[in-house]
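The values are calculated or read from the model by the stated rules, or taken from the named source; none is laboratory data. These figures come from a predicted structure and were not determined experimentally. In this analysis, Cβ positions are derived from the backbone assuming ideal geometry, glycine residues included, and neighbour counts consider all displayed protein chains.
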Amino acid sequence: MNNKPKIKTSFTTRIKTRFIKLAKENSSVNEIATGAALGAFTGVFPSFGFGFLTVLLLHRFFKFNIFAAATGSLISNPLTSPLFMLLSFETGELLLNTDVRFDMHNWSANLKEAGYSIFIGAIAVSSFCSFATYFITKYIVIYIRNRQSNSSENY
């Protein structure tokens, strides 16, 4: 029986620990960053639960870190999903130069136009998040790996 007391860790500590574990994996920096970027894309894009299945399918054809993809997909959660949906809608309206009225009283009348705006906007927002995630992840992994190699040289 394990009598060790359970230590609560903060959210930021858990994220930091996950990144350190990810950086220590044998995958290349590019594979980790690509995985995180694909995960972020599918997390932001309104795929309604099929995002990670898409990542699993892509993993059969392309080389990227699946753990990083799973971590990257965590960008989407019940708190952020409505924000990403609204941002996608607004971005789609801006890109398409339309003014779709989408409210509770006439939602069915404008569903096609609103759906198209959301789709186009989601491609743009997901792409932006994906590119940002790629470069941020790449920087963090390189930083962690360099820091670890420097600390091991000092001993």
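So which residues in region 100-144 are at pLDDT 80 or above, among the charged types (D, E, K, R) and loosely packed, with under 14 Cβ neighbours inside 10 Å?
The one that is at pLDDT 80 or above, among the charged types (D, E, K, R) and loosely packed, with under 14 Cβ neighbours inside 10 Å: LYS112.
Within region 145-155, work out how many residues are in a helix (DSSP H, G or I) and at pLDDT below 80.
Residues in region 145-155 being in a helix (DSSP H, G or I) and at pLDDT below 80: 6 in total.
Is it the case that ASN65 is at pLDDT 80 or above and at positive phi?
no
Pairs needed: first member in region 33-60, free of Cβ contacts under 8 Å to residues at least 12 places away in the same chain and on the phi < 0 side of the Ramachandran plot; second member anywhere, surrounded by fewer than 22 Cβ atoms within 10 Å (Cβ to Cβ) and in a helix (DSSP H, G or I); C-beta distance under 6 Å; at least 6 residues apart or different chains.
Going by the 6 Å Cβ cut-off, the qualifying pairs are HIS59/ILE66.
Which of the residues belonging to region 42-77 are under 14 Å from the mean Cα position of the chain (by Cα), assigned to a loop (DSSP other than H, G, I, E, B) and not aromatic (Phe, Trp, Tyr)?
PRO46, SER47, GLY49, ASN65, SER76, ASN77
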